[in-house]
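The values are calculated or read from the model by the stated rules, or taken from the named source; none is laboratory data. Computed from a predicted model, the values in this text were never measured in an experiment. Please note: Cβ atoms are built from the backbone with ideal geometry, for glycine as well, and neighbour counts cover all protein chains shown. Each accessible area value is taken on the protein alone, full model and side chains, heavy atoms only, with ligands, DNA and RNA left out. Shrake-Rupley method; radii C 1.70, N 1.55, O 1.52, S 1.80 Å.
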Amino acid sequence: MAEALIKSENPKYIVFKGEEELSKSLAKYTADLSEKFVRERGAFTVVLSGGSLIESLRKLLEAPYVDTVEWARWHVFWVDERVVKKDHPDSNYKLAFDGFLSKVPIPPGHVYAINDALSPEGAADDYEACLRQLVKTEVLELSKDNGFPKFDLMLLGMGPDGHVASLFPGHALVKENRRWVTFIKDSPKPPPQRITFTFPVINSSSYIAQVVCGSNEAAAVHNALGTEKTSDPLPAAMVILKDGELTWFLDEAAASLLQG
């Protein structure tokens, strides 16, 4: 693992001098989990987010990982997606495909994009139906605690306002606790129409890497990881694994208010 400036176990976070060191560590972390789950159950279910997260995965495209990871065993999902065409600049699928997925031999049938011909409601229903079918074929497991899908690794980013996926501060969707996948038509960040995993799905993951870089996110990082707790936490602070491991990967700028 790349050298870290600070490591904390409660809450668990690692601070790196810069994004380059963070990216190296994230690649090893992801490759090690890929090996673990492929060995244990023959598949590795990975959930991506948009934004700078894809850029931070770039070290997986280099030696030794690009040649040793069992890409054919990967199944790739999105924690949220903008309801736009797959070739639209706002598409998280396009971002991931251009920057990462097109460069590794993951079978096309293992990459689960939304149906971009549907409405937000239809796209959410269709994506949830896809997940339920993958449970039946045993690609996905269900949490024994709550019956929600249990992904092996979820790779999350965070916005300066503390949102994760398309779950925004103060929005009613942060309290959705029945659906696996739901939709939003009034996102405070454009584009307004999106689908998103709900918190029960996010918080059922086996592992989550919360990847945050840059000083613009420092206040939200402090809110989520600092000692002062509020009655109205940011969505990023609502990522809590009861039966899994959550690790924050932070660069020095993002963690600057924690160190003060």
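Across the range 129-162, the number of residues qualifying as open to solvent by less than 20 Å² (accessible area, probe 1.4 Å) and either touching a Lys or Arg at 6+ places or on another chain (Cβ under 8 Å) or polar (S, T, N, Q) (or both) comes to 3. Can you tell me which residue among G162, G214 is out of contact with any helix residue (DSSP H, G or I) (no Cβ under 6 Å at 6 or more places or on another chain) and not hydrophobic (A, V, I, L, M, F, W, C)? Answer to the check: G214. For the range 38-64, the tally of residues that are part of a helix (DSSP H, G or I) and either crowded, with 20+ Cβ neighbours inside 10 Å or among the acidic types (D, E) (or both) stands at 7.
Run down K136, K86, K94, K103 and say which single residue is in contact with a His (Cβ under 8 Å, 6 or more places away or on another chain) and basic (K, R).
On the way: K136 fails: in contact with a His (Cβ under 8 Å, 6 or more places away or on another chain); K86 fails: in contact with a His (Cβ under 8 Å, 6 or more places away or on another chain); K103 fails: in contact with a His (Cβ under 8 Å, 6 or more places away or on another chain).
Among K136, K86, K94, K103, only K94 is in contact with a His (Cβ under 8 Å, 6 or more places away or on another chain) and basic (K, R).
Residue selection: I240 satisfies the criterion of being within 16 Å of the chain's Cα centre (by Cα) and aliphatic (A, V, I, L, M). Please indicate, with yes or no, whether at least one residue in the range 242-257 is free of Cβ contacts under 8 Å to residues at least 12 places away in the same chain and either open to solvent by less than 70 Å² (accessible area, probe 1.4 Å) or of a type outside the set (D, E) (or both). No; the residues of the range 242-257 include none that is free of Cβ contacts under 8 Å to residues at least 12 places away in the same chain and either open to solvent by less than 70 Å² (accessible area, probe 1.4 Å) or of a type outside the set (D, E) (or both). Can you find a residue in the range 164-180 that is surrounded by fewer than 24 Cβ atoms within 10 Å (Cβ to Cβ) and among the aromatic types (F, W, Y)? Checking the range 164-180: at least one residue is surrounded by fewer than 24 Cβ atoms within 10 Å (Cβ to Cβ) and among the aromatic types (F, W, Y). Here is the figure for the range 167-200: residues that are closer than 30 Å to R41 by Cα and either assigned to a loop (DSSP other than H, G, I, E, B) or not aliphatic (A, V, I, L, M) (or both) total 10. Residue pairs whose Cβ atoms lie under 8 Å apart, sitting 6 or more positions apart in sequence or on different chains, and linking a residue in the range 220-238 that is within 23 Å of E176 (Cα to Cα) to a partner that is open to solvent by 50 Å² or more (accessible area, probe 1.4 Å) and in a helix (DSSP H, G or I), are T230/N223; P233/N223; L234/N223; A236/N223; A237/N223. For S215, the conditions (1) polar (S, T, N, Q); (2) without any contact (Cβ under 8 Å) to a residue 60 or more places away in the chain; (3) open to solvent by less than 30 Å² (accessible area, probe 1.4 Å) all hold with the exception of (3). Every condition in (1) more than 26 Å from V84 (Cβ to Cβ); (2) assigned to a helix (DSSP H, G or I); (3) touching a helix residue (DSSP H, G or I) at 6+ places or on another chain (Cβ under 9 Å) is met by N146 except one, and the failing one is (2).
In the range 218-241, which residue that is closer than 30 Å to R132 by Cα and in a loop (DSSP other than H, G, I, E, B) is least open to solvent (accessible area, probe 1.4 Å)? Result: V239.
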